[in-house]
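Quick notes on the structure that follows.
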Amino acid sequence: MSINVLICFYSKTGNTYKLAKAIKEGCEEVPGVNVKLSKAKELASIEKIEKDPEWLEAYKEMQDIPDVTVQDVKDCNALIIGSPTRFGNMAAPLKEFLDRLGGVWMRGELINKVGACFTSSESEHEGKEATLLSMMLYLLAQGMIVVGLPQNTPGLGQYGSYYGATATFAPKDEDKVIARALGKRVAQLALQLSGDKND
Ligand SMILES: Cc1cc2nc3c(=O)[nH]c(=O)nc-3n(C[C@H](O)[C@H](O)[C@H](O)COP(=O)(O)O)c2cc1C
């Protein structure tokens with residue numbers, strides 16, 4: 001038996017993408033777990049992106065990552081969402097996708113599935129946790145079982161958050177350790193909820 005974990009993120013300059021990859025590695029530590037990395041569709045025009053070399057480079061780096069679909073969400077046993085911190089909230093492309101999940105919500109297709117969040121910001125204290133909480137509102141409204149990181153997670157005192165994985169700009173190695181711990185935790189819990197024990 002295997003389960004599907006969907007990681008859905010938006011990233012403009014690649015920092016949140018790097019966190020997403022570390023979370024994927026953590027999920028993959030758990031046998032029986034398929035992980036799909038997907039991105040929220042870019043809303044900006046290619047003309048605008050081409051005017052910003054940093055944005056263009058990251059855009060090209062991520063172009064092989066498929067845009068997330070509503071079907072991906074229906075097919076998953078766990079959903080992990082990530083966004084850059086934007087004024088203490090998620091970025092518009094991720095919200096645009098989450099706003100398309102009304103049918104999923106009405107049919108209760110995410111109820112009792114495991115959810116978690118991650119974010120990258122520019123500063124240590126300008127909205128990371130608010131952004132994680134803003135994303136959690138969506139998961140809770142969908143009836144998901146939202147998980148963060150317990151206080152005994154190694155390194156949590158300095159990196160990450162109770163509420164999810166974080167980084168200031170690109171993730172440092174310590175942030176990636178926390179991100180992997182989050183991915184592994186979500187995968188293990190999703191597997192346990194699906195009826196398969198794995199320790
Ligand atoms: C419109 C906008 C708003 C932002 N607001 C914040 C903010 O409130 N706090 C913060 O620390 N960083 C803020 N940032 C910086 C990004 O969160 C940061 O650069 C992040 O690492 C970008 O992630 P990405 O490379 O995945 O796009 C903002 C960036 C933009 C473009």
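Readers should treat all values here as calculations from the given coordinates under stated rules, not as data from a laboratory. Being a predicted model, the structure only gives us computed values, none of them experimental. Cβ coordinates were reconstructed from backbone atoms using ideal geometry, including for glycine residues, and neighbour counts include every protein chain displayed.
Is the C-alpha gyration tensor of segment 136-199 telling us rounded, prolate or oblate? Criteria: a/c under 1.5 is rounded; beyond that, a/b larger than b/c is prolate, otherwise oblate.
Values: a/c = 2.34, a/b = 1.44, b/c = 1.63.
Oblate, because a/c is 1.5 or more while a/b does not exceed b/c.
Under a GNM of the chain (C-alpha, springs under 10 Å), which listed residue has the highest mean-square fluctuation: Gly108, Gly148, Gly26?
In the Gaussian network model the winner is Gly108.
If every alpha-carbon in segment 3-193 counts as one equal scatterer, what log10 I(q)/I(0) does Debye give at q = 0.08, 0.10, 0.13 1/Å?
So the normalised log intensities work out to -0.22, -0.35, -0.60.
Packing-wise, with mean Cβ within 10 Å as the measure, how do 42-55, 90-103, 72-85 rank, highest first? Display every interim value, and only then the final one.
Values: 42-55: 11.9, 90-103: 17.7, 72-85: 24.0.
Most protected by this proxy first, the peptides run 72-85, 90-103, 42-55.
How long are the semi-axes of the equivalent ellipsoid of segment 34-97, defined as square roots of 5 times the Cα gyration tensor eigenvalues? Whole Å, largest first.
On the way: eigenvalues 105, 44, 21 Å².
Semi-axis lengths for segment 34-97 are 23, 15, 10 Å.
Would you calculate, for the chain, the mean residue ellipticity at 222 nm contributed by helices, counting each DSSP H stretch of 4 or more residues as -39,500 (n - 2.57) and dividing by all residues, to the nearest 500? Present the calculation step by step, with values, prior to reporting the outcome.
Values: 8 runs with 82 residues, N = 199.
Estimated from H runs of four or more residues: -12000 deg cm²/dmol.
Using r as the Cβ-Cβ distance of Asn152 and Glu122, and R0 as 30 Å, what FRET efficiency do you calculate, to the nearest 0.05? Show your work: numbers first, answer last.
On the way: r = 29 Å, r/R0 = 0.97.
The value I calculate is 0.55.
By count of other Cβ within 10 Å, fewest leading, how are Met62, Met1 ordered? Show your work: numbers first, answer last.
Details: Met62 18, Met1 7.
Starting with the residue having the fewest Cβ neighbours, the order is Met1, Met62.
Would you list, by chain and number, the lysines whose Cα falls below 18 Å from the Cα of Lys95, excluding same-chain residues fewer than 8 positions away?
Straight-line reach from Lys95, under 18 Å: Lys12, Lys39, Lys41, Lys74, Lys128.
Under a 10 Å cutoff between Cα atoms, tell me which one of Arg86, Arg107, Arg185 has the largest fluctuation in the Gaussian network model of the chain.
Arg107
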